[in-house]
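J.: Shown below is the structure under consideration.
Just so it is clear, none of the values below were taken in a lab; they were calculated from the coordinates. Predicted model, so just to flag it, every value in this text is computed and none were measured. As a convention, Cβ positions derive from the backbone with ideal geometry for all residues, glycine included, and neighbour counts pool all protein chains shown.
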Amino acid sequence: MAGAGAEFGGKLARPGRRRDTERVTPQPSALDPSVTARIGDLLRAKGLRRMSSRIQVLAVLEPVDGHLPVAEIHQRLRDCLPHGAHAPDVATIYRTVTTLVGQGVLHALTLDGGVTTYGMATAPHHHAVCTACGSIIEVPARQLSSALEHAMAGSSFALSEAAGLTLHGLCPECQRR
């Protein structure tokens with residue numbers, strides 16, 4: 001069988017073809033190919049496979065300036081995919097965000113009431129949560145670093161790099177109401 005390929009896991013792997021474990025998932029039809037390629041590169045850089053569910057979840061979260069709960073991610077996927085295309089089910093989205101949080105691609109924020117929201121893992125930041133509408137604003141950590149250093153001065157407690165605060169108040173829109 002030389003030249004025809006090598007035996008792998010009971011299946012013949014032909015030259016120029018990928019084994020099942022290396023298959024590249026087709027691009028989600030509703031996503032811009034440049035977005036799909038960029039997200040695929042991000043996943044590969046983290047050592048993750050390009051899976052349709054991962055690409056779709058990240059395509060929803062990437063343009064969001066904040067965080068979304070799984071139910072909202074699912075709804076946005078259903079809304080953006082063409083008629084007849086199926087969005088990943090909620091269980092798949094939960095598994096996907098769990099994997100992406102574990103790999104440092106996303107981060108999770110659990111709000112009062114126990115709802116967990118997910119956002120892109122960007123530069124270190126804190127969160128400001130509106131108590132009226134629930135919107136979340138990311139506050140760059142450097143903006144609060146001197147205040148935190150001052151507050152912790154004199155204590156023997158050392159904050160970790162990943163330390164994050166959740167501040168509660170009213171967003172600009174709710175303040176105008």
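J.: Can you classify the stretch 25-121 as rounded, prolate or oblate using the Cα gyration tensor, where a ≥ b ≥ c are the square roots of its eigenvalues, rounded means a/c under 1.5, and otherwise it's prolate if a/b beats b/c and oblate if not? All intermediate terms of the calculation are to be shown ahead of the outcome.
T.: Details: a/c = 1.78, a/b = 1.21, b/c = 1.47.
Oblate is the answer for the stretch 25-121, as a/c is 1.5 or above yet b/c matches or exceeds a/b.
J.: Quick check: the distance between the Cα centres of the stretch 119-173 and the stretch 49-68, to the nearest angstrom?
T.: 23 Å
J.: Sorted by mean Cβ packing within 10 Å, highest first, what order do the peptides 46-58, 87-99, 165-177, 135-147 take?
T.: Values: 46-58: 19.1, 87-99: 17.2, 165-177: 11.6, 135-147: 13.9.
In descending order of packing, they fall as 46-58, 87-99, 135-147, 165-177.
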